[in-house]
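The values are calculated or read from the model by the stated rules, or taken from the named source; none is laboratory data. As the structure is a prediction and not an experimental result, all values here were calculated from the model. No Cβ is skipped: glycine too gets one built from the backbone with ideal geometry, and neighbour counts run over all protein chains shown. Ligands, DNA and RNA are excluded from the accessible area calculation, which covers all protein heavy atoms including side chains. Shrake-Rupley method; radii C 1.70, N 1.55, O 1.52, S 1.80 Å.
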Amino acid sequence: MLTIVAKTLNIVADIINTGTFENTDGITSNADISDVTSSMQKIRDIYNSHKHTGNQGSPTSAPDGRME
């Protein structure tokens, strides 16, 4: 085990992790976040533009709140 205690640690590298990644203070990214299926932005785009078909066959309004 390696324990590093520092206020800021700046690593300029590609990081490959095998195993569980645990974080207690959240994650912030300046780029898109993706998994094996899609990206967070793609999920937002699909949600924000989706509509439902009403029981009379016509579309209902778009969602009243955007996923941001």
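Key figures
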item: Fraction of accessible area attributable to carbon and sulfur, the chain (%, probe 1.4 Å); result: 52
item: Paramagnetic label zone (point 7 Å from Cα along Cα-to-C-beta, Ala62; backbone N under 16 Å) in the range 15-50; result: 42-50
item: GNM result for the chain, Cα springs below 10 Å: residue of Ile15, Ile33, Ile46 fluctuating most strongly; result: Ile15
item: Those trypsin sites (Lys or Arg not before Pro) in the chain that DSSP places in a loop and that have at most 16 other beta carbons within 10 Å; result: Lys7, Lys51, Arg66
item: Relative contact order (%) - the chain, alpha-carbon pairs under 8 angstrom, separation at least six; result: 17
item: Interchain or long-range residues, amide H under 5 Å from Ser39's placed H; result: none
item: Accessible area of the chain divided out per residue, in Å², using a probe of 1.4 angstrom; result: 102
item: Size of the chain as Cα extents on the principal axes (Å, biggest first); result: 63, 24, 20
